[in-house]
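In what follows, a structure is listed as structure tokens, so that the remarks can point back to it.
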Amino acid sequence: MYVLIGGAGLVGLSLAHKLVELGHTVAVIDVDSNACRYAREQVGVMAFEGSAVNTEVLLEAGIRKADAVAAVLRNDAMNLALVALAKNYGVPQILSRMRHRDFADPLRLTGATHIVSTVDLAVSTMVNAIEYPQVESMMHFEQGQIEVLKLAIPNNCYVVGRSVAQIAQDPRFPTGSLIIGYQAHPHEDLTIPNGSTVLESGSTILIVTKPGLLHQVIDFIEGCK
């Protein structure tokens with residue numbers, strides 16, 4: 001994919017670096033000549049010096065052929081303008097960072113296909129770390145209606161030595177929850193388990209569940225024999 005990133009700040013450059021690692025072709029636009037030089041020399045992407053909401057710069061950067069545009073500029077108004085221009089040039093995927101919630105509807109109505117609230121993301125991450133310190137990571141889907149958590153299996157807990165099927169049939173395992181990923185050891189790949197997959201001590205699992213069942217899932221997984 002050809003991805004055009006408006007803004008070569010910390011977020012923009014980090015995003016560019018990750019996309020390059022994944023094999024995508026990336027270009028960034030920024031008014032800062034030093035940021036553009038760093039993007040070329042250190043990140044290995046194309047960089048265009050100028051305003052990301054200037055049509056001449058956008059056309060030079062190839063917005064007409066872009067598969068995705070990421071608006072990560074310094075303020076919401078600039079991101080909104082870039083989203084509108086990307087929509088005008090027919091870009092299929094338009095992502096935008098959002099600082100203030102008042103811009104959620106304008107960004108969506110203007111054409112953003114994905115909106116990432118930096119404040120909500122930071123607050124949610126911190127709350128999860130405080131509320132569920134044993135959870136390695138957690139992701140929210142469908143406006144928080146579904147949660148996916150990554151959880152390590154402690155030594156001597158109830159589920160060690162049991163198969164995924166046995167766990168699913170246990171009446172104490174919250175109904176509607178499902179183990180969707182399994183990593184036997186940190187150096188091994190994450191796999192999709194089947195009913196016969198046996199959980200080992202020190203392994204890691206991915207579980208999908210409802211927000212109201214998080215504590216029940218964690219208590220069940222970490223329960224001692």
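The values are calculated or read from the model by the stated rules, or taken from the named source; none is laboratory data. Fair warning: this is a prediction, and the values are worked out from it, not measured in the lab. All Cβ positions, even for glycine, are placed from backbone atoms using ideal geometry, and neighbour counts span all protein chains on display.
General observations
- Scope segment 49-89; condition over 24 Å from residue 100 (Cα atoms) and surrounded by 20 or more Cβ atoms within 10 Å (Cβ to Cβ); matching residues: 58, 61, 63, 66
- Each residue in segment 1-16 was checked for being buried (at least 17 other Cβ atoms within 10 Å of the Cβ), in contact (Cβ under 8 Å) with a residue 40 or more places away in the chain and in a helix (DSSP H, G or I), and 2 of them qualify.
- Scanning segment 37-77 for residues that are part of a helix (DSSP H, G or I), of a type outside the set (S, T, N, Q) and over 21 Å from residue 1 (Cβ atoms) yields a count of 6.
- Against the list (1) touching a helix residue (DSSP H, G or I) at 6+ places or on another chain (Cβ under 8 Å); (2) of a type in the set (Val, Ile, Thr); (3) free of Cβ contacts under 8 Å to residues at least 40 places away in the same chain, the condition residue 63 fails is (3).
- Within segment 191-209, the residues that satisfy the criterion of being closer than 14 Å to residue 148 by Cβ and surrounded by 13 or more Cβ atoms within 10 Å (Cβ to Cβ) are 204, 205, 206, 207, 208, 209.
- Scanning segment 112-140 for residues that are over 14 Å from the mean Cα position of the chain (by Cα) and of a type in the set (A, V, I, L, M, F, W, C), we see that the one that is surrounded by the most Cβ atoms within 10 Å (Cβ to Cβ) is 112.
- Counted residues, segment 148-178 - those being modelled with pLDDT under 85, out of contact with any Gly (no Cβ under 9 Å at 6 or more places or on another chain) and surrounded by 15 or more Cβ atoms within 10 Å (Cβ to Cβ): 0
- Test: residue in segment 123-141 that is closer than 24 Å to residue 201 by Cα, at pLDDT 80 or above, out of contact with any helix residue (DSSP H, G or I) (no Cβ under 6 Å at 6 or more places or on another chain) and among the β-branched types (Val, Ile, Thr): no
- Selection count where residues are hydrophobic (A, V, I, L, M, F, W, C) and either over 19 Å from residue 170 (Cα atoms) or part of a helix (DSSP H, G or I) (or both), scope segment 184-225: 9
- Residue pairs meeting the criteria (Cβ under 6 Å; at least 6 apart or on separate chains; first within 17 Å of residue 82 (Cβ to Cβ) and small (Gly, Ala, Ser), in segment 17-35; second assigned to a strand (DSSP E or B) and modelled with pLDDT of 95 or more): 27/4; 27/46
- Considering only residues in segment 91-108 that are under 14 Å from residue 120 (Cα atoms) and among the aliphatic types (A, V, I, L, M), the one that is surrounded by the fewest Cβ atoms within 10 Å (Cβ to Cβ) turns out to be 104.
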